[in-house]
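Shown next, in structure tokens, is the structure this report addresses.
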Amino acid sequence: MTRFPGGHLWCVSHPEVAIDPGVPVPDWPLSDQGRARAMALASTGWPGPMTRIVSSPERKARETAEILARGAPVEGHPHLAEIDRSSTGYVPHARHEALADALFADPDISAAGWETARAAQARAVAALEDLLQEPCPADLVIVGHGGVGTLLWCHLAGRPISRVEDQPTGGCVWATTLPSLQPVHPWRRFEALAPAMPHPK
């Protein structure tokens, strides 16, 4: 396997979205607030110019990736999509949280027909392994979702699947080193991380 010469793997979760029960969840765009937060992060100069950016196919993730890329190419990977919740589609917030709690509590059992946490984790790990087949000039940024991003973090950090590891809110980043994939920090909000992020040279 070809590995990177050194840098970081950054996993970005999309920020706030415009919720519309009449639109399939994967097609939801960023809200004005989410777009503003992503633009504020991009304005710091992060990520740098020598960065490979790969996005989930879902609209909210693609929009986040395009903002962060600032005109640079953005790749897509189908297996970085969020946990498949098509069995229920949109559900009110309280119901969504209850189902998410159940999903993380028992990773091998489907919550109301949702993709299991174990299956989603395996899919995300396979996607990362696929991406690591190609060299990168510096950092790799994956732009996706809180649920599947948390499952990938649990795998890389050697932690059991648990919602304790979940992001505090949308619009967060976790990081590992490359090529060793050693954890650097868990989920942090854009605003907490931005001051420490490098600016392009």
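Just a few scattered comments:
- All other residues whose Cβ lies under 11 angstrom from that of E16 are scored, Lys and Arg at +1 and Asp and Glu at -1, for a net of +2.
- Net charge contributed by nearby residues that have their C-beta within less than 11 Å of Q167 (K/R +1, D/E -1): +1
- With contacts taken as Cα pairs under 8 Å at a separation of at least 6 residues, the chain carries a relative contact order of 35 percent.
- Using the average count of surrounding beta-carbon atoms within 10 Å as a protection proxy, the listed peptides 28-39, 56-67, 152-163 rank, highest first, as 56-67, 28-39, 152-163.
- Taken about its Cα centre, the chain carries a charge dipole of roughly 500 debye when the Cβ of each Lys and Arg holds +1 and the Cβ of each Asp and Glu holds -1.
- Debye log10 I(q)/I(0) at q = 0.14 Å⁻¹ for the chain, Cα point scatterers: -0.77
- Neighbour net charge for P183 - beta-carbon separation under 14 angstrom, K R +1, D E -1: +1
Laboratory data are not the source of any read-out in this text; all were calculated from the coordinates shown. Please read these numbers as outputs of a predicted model, since none were measured by experiment. Backbone-built Cβ (ideal geometry, glycine too); neighbour counts: all protein chains shown.
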